[in-house]
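Structure, as structure tokens:
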Amino acid sequence: MVANLSDEKTSAHTALTDALATYTQTDYTTTNWTALNLFKTDGDTAIDAATSLTGITSAKNTAITGMTGIVKDTTAPVITLIGANLIILEFGVIFTDPGATALDNIDGNITSNIVTVNPVDTGISGDYTITYNVKDGATNSAIEVTRLVTIKERPRGIAWIPMTIKLLKQLRLVILIILI
């Protein structure tokens with residue numbers, strides 16, 4: 001007895017749908033997820049066009065093999081600081097964060113995706129932690145990288161400020177003020 005091709009096509013379509021359901025979108029880059037769906041779509045089209053049981057089986061198996069060949073991205077990107085992880089600054093100086101770079105095994109250079117939290121205020125002495133985070137196209141998170149920035153205490157002690165006062169239009173007296 002020859003199998004009903006319509007039933008075989010329905011079974012093959014179900015097999016492709018079930019195969020795709022075993023994948024989780026967040027495990028793949030956008031490009032790879034698109035490729036997985038394209039193998040299913042192309043497989044469905046080939047199954048619909050098949051005119052024999054062998055053609056249906058071949059189309060289904062080709063699509064499933066293609067889906068299986070798509071690389072799952074489970075490797076987290078790596079963040080690398082530019083410059084030192086400890087920076088010590090004088091009170092009140094201008095500070096520009098040197099930043100960081102991020103590389104991923106699939107997506108390549110994803111430095112532009114780094115999320116930086118930089119609370120440094122050089123007008124207030126203390127320790128500040130700058131954090132750097134990034135995710136790749138498959139939502140793998142890098143290990144957070146931090147930089148410690150220490151703003152030194154405002155200098156205390158004697159500061160000399162000359163002030164000139166004109167006395168009797170001829171005499172100038174320089175007064176030194178001691179600031180504490």
Does residue 134 qualify as being without any contact (Cβ under 8 Å) to a residue 24 or more places away in the chain, farther than 30 Å from residue 46 by Cα and among the hydrophobic types (A, V, I, L, M, F, W, C)? no
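Yes/no per residue for (1) modelled with pLDDT of 95 or more; (2) aliphatic (A, V, I, L, M); (3) under 30 Å from residue 137 (Cα atoms):
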site: 1; (1), (2), (3): no, yes, no
site: 7; (1), (2), (3): no, no, no
site: 25; (1), (2), (3): no, no, yes
site: 34; (1), (2), (3): no, no, yes
site: 78; (1), (2), (3): yes, yes, yes
site: 86; (1), (2), (3): yes, yes, no
site: 92; (1), (2), (3): no, no, no
site: 97; (1), (2), (3): yes, no, yes
site: 102; (1), (2), (3): yes, yes, yes
When the residues of the stretch 7-27 are narrowed to those that are out of contact with any helix residue (DSSP H, G or I) (no Cβ under 7 Å at 6 or more places or on another chain), of a type outside the set (Val, Ile, Thr) and surrounded by 11 or more Cβ atoms within 10 Å (Cβ to Cβ), which ends up farthest from residue 61 (Cα to Cα)? 27
With a cut-off of at least 3 residues that are of a type in the set (Ser, Thr, Tyr), name the strands (runs of 3 or more DSSP E) lying wholly within the stretch 113-154. 126-133
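Do the conditions hold for residue 46, that is, is it part of a helix (DSSP H, G or I) and either among the acidic types (Asp, Glu) or crowded, with 16+ Cβ neighbours inside 10 Å (or both)?
On the way: part of a helix (DSSP H, G or I): yes; either among the acidic types (Asp, Glu) or crowded, with 16+ Cβ neighbours inside 10 Å (or both): yes.
The answer is yes for residue 46.
The values are calculated or read from the model by the stated rules, or taken from the named source; none is laboratory data. Because the structure is a prediction, the values reported are computed rather than measured. Cβ coordinates were reconstructed from backbone atoms using ideal geometry, including for glycine residues, and neighbour counts include every protein chain displayed.
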